[in-house]
């Protein structure tokens, strides 16, 4: 068993609120400098920069995870992580049809840049990505799971787009085994105040929109990784998510 340090909630320059410097290679490079081993790209309602992110992480020896921060109709943010890149890209195509037809205004919201593995621009996303989809939370969760995703409520210790702030609790019927915090220091207060969190494990991630926001090597989980391969580590990672093994 070895420790793997993680950050499982990072935005690239495809998210309009993400800095233009948040390119796949810059994210991978900063994650390496910070001592991370497993990193998830989770742009708002899209996975279109995940292929480039996988290429960038390979150069740095990182384990990349394809993800998405999905916005429900209630504007609750849900982090969806996919075992395989192909699953994320299929889900991306489905979510396109659930976004309202609202054009991005780069001068107001920021750019939405699609890059390749060399950080070269190969396109832009015209639909505004930070809007809520037409999927209610229960439907969004089940749809993501049908594509193989591990789903957790994002940053429940925040008043903006957090499930507790919007619903007043984390409903048991959503069957989460993990919840996400931005700040581990908030866990004791929340677990004391919300009995529905009992038995759930905690992931602490940065929700980085700038390079300096990416987490340091603080939060980790232990994985069985022998014989070593990136595929084995990714498999062990999703097994750990299923079994509540993250520390």
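Just a few scattered comments:
- Gap separating the Cα centres of the stretch 38-65 and the stretch 107-132, nearest whole Å: 15
- Residue among 180, 118, 226 with the largest mean-square fluctuation in a Gaussian network model of the chain, springs linking Cα atoms under 10 Å: 226
- Relative contact order, percent, the chain [alpha-carbon distance under 8 Å, six or more residues apart]: 25
- At full extension, residue 108 and residue 173 could sit 19.6 nm farther apart than now, given 0.36 nm per residue minus the alpha carbon distance.
- P(r), alpha carbons of the chain - 5 Å bins starting at zero, rounded %: 1, 7, 15, 19, 21, 18, 12, 6, 2, 0
- Build a GNM of the chain with springs between Cα atoms under 10 Å apart, and of 122, 203, 141 the one that fluctuates most is 122.
- Distance from the stretch 142-202 to the stretch 11-36 (C-alpha centre basis), Å: 25
- The chain: antiparallel DSSP beta bridges as a percent of all, rounded to 5: 60
- Extension gain (nm, one decimal) between residue 73 and residue 190, 0.36 nm per residue minus Cα-Cα: 39.7 nm
- For the chain, calculated [θ]222 nm from helices alone, where every DSSP H run of n ≥ 4 adds -39500 (n - 2.57): -8500 deg cm²/dmol
- GNM on the chain, alpha-carbon springs under 10 angstrom: the most fluctuating residue among 44, 210, 77 is 210.
Where a number appears in this text, it was derived from the coordinates with a stated rule and is not lab data. Quantities reported herein were computed from a predicted structural model and do not represent experimental measurements.
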